[in-house]
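Participant: Handing you this structure, nothing more for now.
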Amino acid sequence: MRAEALLLSSGGLSLESANMAKVLRFFGVPSRAAAVTEFLDYTRLDRGSSAKSRALCSSDIFFKLIRELKDNSEAIRLWRERAHSVFVYAGNDSEILQKLLQTLTGDEGSVICKMSPSVADIAVSDCLDEFSGVMAGVRVTASGSKTDSDLVLNASKRSTVNIISLGGGAVFSKFEYEGVPIFLSTSREIIDIDAELTSQNFDVREHFLSAVPLVLYVKWAFAETCWNAPETNACLVIDDPVLKSTHAVSVHGCDHTRAEFGSSSQRRLYWKAQQALERMNRHQSTTGIRHDPVMVFPQGIFSEAAMSALKRTDLVAAVNNDVVSADPHRRAVTVSELWDIAVMGYSNFPLFTRRYPWEGIENFAFDALLGKPAIAVIHHDYCSDHCARLVNFIKRLNAPQCAPTWRSLGEVVRRSCRQREVSPGEVEVEMYGTELRIENRSEQSKHFGIRRRECEPSAIREVSDGTAPIPWSFADGYINFELELGSGESKLVAIKYQPLAVDGRNGDNLPYRLKTMLRRYLCEVRDNYVTTARLRLSGSRRRVES
């Protein structure tokens, strides 16, 4: 049975409760509004059910709840039996929050004070790994973060666990009330994941307290209900390196010219993508260096038409730093789309996000908490210090409790999905790339029900597992199909689309080809000689100075 979230209120959902409902829905957790009296009226609950109640509410509402429990032995007995945990965020009344803290700690010396977040770093405790998961030990510098709360808890009781600290106090703590875990956040805001993204990628430092405590709680309290990634994968992408035979390469545009995939001509973009794949195939035949069918847009520029065109090719996904297209009338991208495994709003062709190391380990850790793969990108000049910065970054990325498995970019895409077991032997899977490597790592056979978002079901040519076509259906914006896998068995599922028709008019004229050839040679001179010479010279200077 899937656990249900109860959003406690005093009549109608508040803005914060509505935002919590959106986060719960994102993770696949059902929720409903409930009054405090309903929550406490255990005589109306199914006593035969083993499911315990999980509630989320403001400190104002929770203080009302514990006043109802006070001196009521029968209600307290049922509370202990039927309540799993409660997530509490700061309400509008700071005096009630103060009284709540003292009630939870049993210590009138426990106080809530105001503190400027600029005086200290925010740190996630590494003493509660089963709760904090990949975020354990993460530290966010004050200069790089924006907190939405100036309230800090100071409690001396030993039973209090500070999960997220700010200076000498806490902004997210765990208590117990009559045997039930209570998680209290000092943030008055809950992130609205339906809000439009205001940058080219989501930065958790901008929303740390409005997002992290709630997500940590949801992933812990609803572990059996939530969508989860079966594994955490990582890949290091080096843009424009001096190519070595040991490298696995991806498709980096066609001619590597600025905005070549930023136009609105779908058929020309399809032709460019097909030309790029033909060149990569010839390169692989000549050099033996294999390539992954993943597009990385030159300079990060792409259009909606480009994503629609790429969908009709043998490419399985696109990977980019930026998620907002270059179209004159670009579509809005929401926070929830960035939280997802991949952005699926562009013709349902997946756009996976990647990050630079200087975006902070906290962003990579939060991505992993959401189930996203860790795709890091550098340019080869980032290795100018004999890879010291890179090695340090990789060590930090490998440090979390759930260290990632490093794979090629293509394998990261193929293994990126989210799933949940709905009953013994029955697994729901959401697929993102046009290829999915599905594995049964259990000791028993399992039935996998797989779905993928699709806006053009008529464009699908075939769904197959490499040996035979797989029957599929379409409903409510998803294609659906099923697989049976024995213990230890794996299969690669692929969705193939109908090609677009092209003609010779999509080709490049002679001036364009000459200009592109000159640019390519100049780039090779820059990357292979000028940059490497500069790095050698700077290395020699450091040795002389030392």
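Participant: Might you check whether a residue that is over 21 Å from V140 (Cα atoms), buried (at least 18 other Cβ atoms within 10 Å of the Cβ) and among the β-branched types (V, I, T) occurs anywhere in region 411-423?
Facilitator: Within region 411-423, one or more residues are over 21 Å from V140 (Cα atoms), buried (at least 18 other Cβ atoms within 10 Å of the Cβ) and among the β-branched types (V, I, T).
Participant: While we're looking at this one, here's another question. Which one is farthest from S210 (Cα to Cα) among residues in region 80-93 that are surrounded by 14 or more Cβ atoms within 10 Å (Cβ to Cβ) and either modelled with pLDDT under 90 or touching a helix residue (DSSP H, G or I) at 6+ places or on another chain (Cβ under 6 Å) (or both)? Give the derivation first.
Facilitator: So in region 80-93, the residues surrounded by 14 or more Cβ atoms within 10 Å (Cβ to Cβ) come out as 82-91, 93.
With the extra rule that they be either modelled with pLDDT under 90 or touching a helix residue (DSSP H, G or I) at 6+ places or on another chain (Cβ under 6 Å) (or both), the set shrinks to 82, 85, 87-88, 90-91, 93.
Details: R82: 28, S85: 19, F87: 13, V88: 12, A90: 11, G91: 13, D93: 18 Å.
Going through the qualifying residues, I end up with R82.
Participant: Could you pull out every one of the helices (runs of 4 or more DSSP H) wholly within region 351-454 that has 2 or more residues that are among the polar types (S, T, N, Q), in the same structural domain as E489 (by TED's automatic domain parsing) and closer than 24 Å to P241 by Cβ?
Facilitator: 388-398
Participant: Still on this structure, please answer the following. Residue by residue through region 440-452, note down the ones that are farther than 11 Å from I495 by Cα and surrounded by 17 or more Cβ atoms within 10 Å (Cβ to Cβ). Working first, answer last.
Facilitator: The initial filter retains those residues of region 440-452 that are farther than 11 Å from I495 by Cα, namely 440-451.
Result: N440, K446, F448, I450, R451.
Participant: While we're on this one: Return only the number of the condition from (1) more than 24 Å from Y382 (Cβ to Cβ); (2) crowded, with 21+ Cβ neighbours inside 10 Å that R331 does not satisfy.
Facilitator: (2)
Participant: Something else now. Kindly provide the set of residues from region 1-38 that are outside any helix (DSSP H, G or I), among the hydrophobic types (A, V, I, L, M, F, W, C) and either under 12 Å from A221 (Cβ atoms) or in contact (Cβ under 8 Å) with a residue 40 or more places away in the chain (or both), ordered by number. Break it down stepwise before answering.
Facilitator: From region 1-38, those outside any helix (DSSP H, G or I) are 1-14, 27-35; that's our starting set.
Retained after the next criterion (residues that are among the hydrophobic types (A, V, I, L, M, F, W, C)): 1, 3, 5-8, 13, 27, 29, 33-35.
Answer for region 1-38, where residues must be outside any helix (DSSP H, G or I), among the hydrophobic types (A, V, I, L, M, F, W, C) and either under 12 Å from A221 (Cβ atoms) or in contact (Cβ under 8 Å) with a residue 40 or more places away in the chain (or both): M1, A3, A5, L6, L7, L8, F27, V29.
Participant: Please work out if E74 is under 19 Å from T37 (Cβ atoms), surrounded by fewer than 16 Cβ atoms within 10 Å (Cβ to Cβ) and in contact (Cβ under 8 Å) with a residue 24 or more places away in the chain. Don't jump to the end; show me each part of the working.
Facilitator: Working: under 19 Å from T37 (Cβ atoms): yes; surrounded by fewer than 16 Cβ atoms within 10 Å (Cβ to Cβ): yes; in contact (Cβ under 8 Å) with a residue 24 or more places away in the chain: no.
The answer is no for E74.
Participant: Scanning for something basic (K, R) and closer than 20 Å to V323 by Cβ, does region 203-212 turn up at least one residue?
Facilitator: Yes, there is a match, as at least one residue in region 203-212 is basic (K, R) and closer than 20 Å to V323 by Cβ.
Participant: Quick check: anything in region 527-542 within 30 Å of L351 (Cβ to Cβ), of a type in the set (K, R), out of contact with any strand residue (DSSP E or B) (no Cβ under 9 Å at 6 or more places or on another chain) and at pLDDT below 95? Before the answer, list the steps.
Facilitator: We begin by selecting, within region 527-542, every residue within 30 Å of L351 (Cβ to Cβ); these are 527, 531.
Next, only the ones that are of a type in the set (K, R) stay: none.
No, every residue in region 527-542 fails to be within 30 Å of L351 (Cβ to Cβ), of a type in the set (K, R), out of contact with any strand residue (DSSP E or B) (no Cβ under 9 Å at 6 or more places or on another chain) and at pLDDT below 95.
Participant: Another question, if that's okay. So which residues in region 483-501 are more than 18 Å from R414 (Cβ to Cβ) and surrounded by 13 or more Cβ atoms within 10 Å (Cβ to Cβ), if there are any at all?
Facilitator: Answer for region 483-501, where residues must be more than 18 Å from R414 (Cβ to Cβ) and surrounded by 13 or more Cβ atoms within 10 Å (Cβ to Cβ): P499, L500.
Participant: Restrict the check to region 203-212 and report whether at least one residue is under 16 Å from the mean Cα position of the chain (by Cα), surrounded by fewer than 18 Cβ atoms within 10 Å (Cβ to Cβ) and not hydroxyl-bearing (S, T, Y).
Facilitator: Yes, region 203-212 has at least one match.
Participant: Here are Q266, Q284: which of them is surrounded by fewer than 17 Cβ atoms within 10 Å (Cβ to Cβ) and either at pLDDT below 95 or under 30 Å from P181 (Cα atoms) (or both)?
Facilitator: Q284
The values are calculated or read from the model by the stated rules, or taken from the named source; none is laboratory data. Just so you know, these numbers come straight off a predicted model, no measurement behind them. Every residue, glycine among them, receives a Cβ derived from its backbone with ideal geometry; neighbour counts consider all protein chains shown.
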